[in-house]
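Worksheet: the structure to be examined is printed underneath.
Values quoted throughout were computed directly from the atomic coordinates according to the rules given, and no laboratory measurement underlies them. What you see is a predicted model, and the numbers here were worked out from it, not measured in a lab. For neighbour counting, all protein chains shown are included, and Cβ atoms are generated from backbone atoms with ideal geometry for every residue, glycine included.
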């Protein structure tokens, strides 16, 4: 089975840099939102004490520092640049193993190997800002592994079966799982937001009956805003739709495998399938930058 560990070292390095930056970004955002809610709660509970005011001030200063750090360091940019590099390397790798355009057969495998390595260099050159974020052991793994060479030397039928199983089915299953996951999370956070808004409305209506009553409406409103910010940052709705569409598109593309009998048809099948994978990622990245 062709796992990610069998892919070029540049893929593994970019993938790790992307995942690390993603974790930093969301942990920073989550801490920022939680501290805002806590600061609002302390400000309400201890509104008439200097200790409460001081604590709230400190928490708001911390949230400001987190906000500035996220803006300056931009881990979200590293996340997406790393993902773009990783996906580009993966696409090129599968094209090379399948002898698909532009790595068709030639008499000397070293010629297409050199072309493949040059393409990896070009991908990295286009993302120089990412280079300093890559792990120090980024190039320990060879750009072309032994398993990659073995797969490339196999006959058309064997390569097609490997591609359908280890690339197409694997990716389609991943899209399906992620689509279901994001749809569930979208519903979860939506109803959490509804519950918080309903609570705030109930408190405001209750204050009409008794204006002297002190209720934490501001705290609830801050929590509701935090939930909405988190939902927008995670983009569960967009991801659920994007992954679902990609999964269905792959199912349709898989039908082309039935007519794949020679090198040319295999190359066309691989190029079309990889284009579908790239299109999903490109569209999602574009929406992220909107």
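The long axis of helix 9-45 is offset from the longest Cα principal axis of the chain by roughly 10 degrees.
Angle check, please: helix 217-234 long axis (alpha carbons) against the longest principal axis of the chain (alpha carbons), in degrees 0 to 90, nearest 10. The angle comes out near 10 degrees. If R0 equals 35 Å, the separation of the Cβ atoms of residue 19 and residue 215 corresponds to a calculated FRET efficiency of about 0.25. With the helix formula -39500 (n - 2.57) applied to DSSP H stretches of n ≥ 4, the chain reaches a computed 222 nm mean residue ellipticity of -26500 deg cm²/dmol.
Using the Cβ-Cβ distance between residue 131 and residue 261 with R0 set to 41 Å, the FRET efficiency works out to roughly 0.45.
Rounded to the nearest 10 degrees, the inclination of helix 50-73 to the longest alpha-carbon principal axis of the chain is 20 degrees.
Using 0.36 nm per residue, how much length does the chain from residue 238 to residue 187 gain when fully extended, once their Cα-Cα distance is taken away? Display every interim value, and only then the final one.
Values: separation 51, 0.36 × 51 = 18.36 nm, distance 1.26 nm.
Fully extending the segment from residue 238 to residue 187 adds 17.1 nm.
Put a dot 7 Å past the Cα of residue 48, heading toward its Cβ, do the same for residue 146, and the two dots end up 7.8 nm apart. Extension gain, residue 65 to residue 161: 0.36 nm times the residue separation minus the Cα-Cα distance gives 29.3 nm.
Once the chain from residue 31 to residue 195 is taken as fully extended at 0.36 nm per residue, the excess over their C-alpha distance is 56.9 nm.
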